[in-house]
Amino acid sequence: MSRRSKPERRIPTADPIYNSVDVSKFINRLMRRGKKSLAERIFYSTIARIEERTNEKGKGMEYFQKAITNATPLLEVKARRIGGSTYQVPIDVKPDRGFALASSAIITAAKNRSGKSYVEKLTNEIMDASNGTGAACKKREDTHRMAEANKAFAHYRY
């Protein structure tokens with residue numbers, strides 16, 4: 001492990017349409033093989049489809065933010081080796097990591113959905129996550145359940 005100071009955190013520039021760093025991070029996570037324009041097209045089409053489905057213009061970003069909030073875990077478990085045995089130690093999730101976990105869960109759940117286009121799958125997953133249902137929210141609940149089950153090992157936290 002390096003003894004040097006930690007590198008400073010790079011924050012991506014805000015996206016041009018919604019002027020949001022969170023959207024920019026989500027698009028970067030959505031991107032495959034460096035095709036950012038395709039990832040942007042998918043995301044913006046998804047937000048447009050959400051607005052079209054709910055008949056509320058300009059509310060697509062609110063659904064997106066609510067979906068991220070509902071899919072963000074507050075606790076997670078981390079394997080810690082002590083005296084020859086491995087314990088699953090529950091730890092708090094920092095906000096940056098929480099956003100990364102939530103966006104990954106939403107994207108993975110959308111990929112695993114059955115449907116025609118990826119835009120349709122992502123739209124359905126964001127809508128479900130904003131309502132508190134869907135695979136991304138289920139993953140959050142599973143993570144919390146696992147942390148709760150291993151609460152006895154919380155004193156091994158570091």
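Values as computed for the structure displayed
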read-out: Under 16 Å from the Cα of Lys94 - aspartates and glutamates, other chains or at least 8 residues apart; value: Asp22, Glu76
read-out: In Hz, Karplus ³J(HN,Hα) per residue of the range 149-156 (6.51, -1.76, 1.60; θ = phi - 60°; x = Gly, Pro); value: 5, 9, 4, 5, 9, 5, 6, 8
read-out: Long-range HN-HN contacts of Lys78 with modeled amide H, under 5 Å; value: Val89, Ile91
read-out: Separation between Cα centres of the range 19-72 and the range 79-93, rounded to whole Å; value: 35 Å
read-out: Eligible aspartates and glutamates near Lys138 by straight Cα distance, threshold 13 Å, same-chain separation 8 or greater; value: Glu125, Asp128
read-out: All lysines inside 16 Å of Lys36 as judged from Cα atoms, apart from same-chain residues fewer than 8 positions distant; value: Lys25
read-out: Karplus-derived HN-Hα couplings along the range 36-43 (A = 6.51, B = -1.76, C = 1.60, θ = phi - 60°), whole Hz, x at Gly and Pro; value: 6, 4, 5, 4, 4, 4, 4, 5
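All of the numbers you see were taken from the coordinates with simple rules; none came from a lab. Everything quoted here is computed from the prediction, not taken from an experiment.
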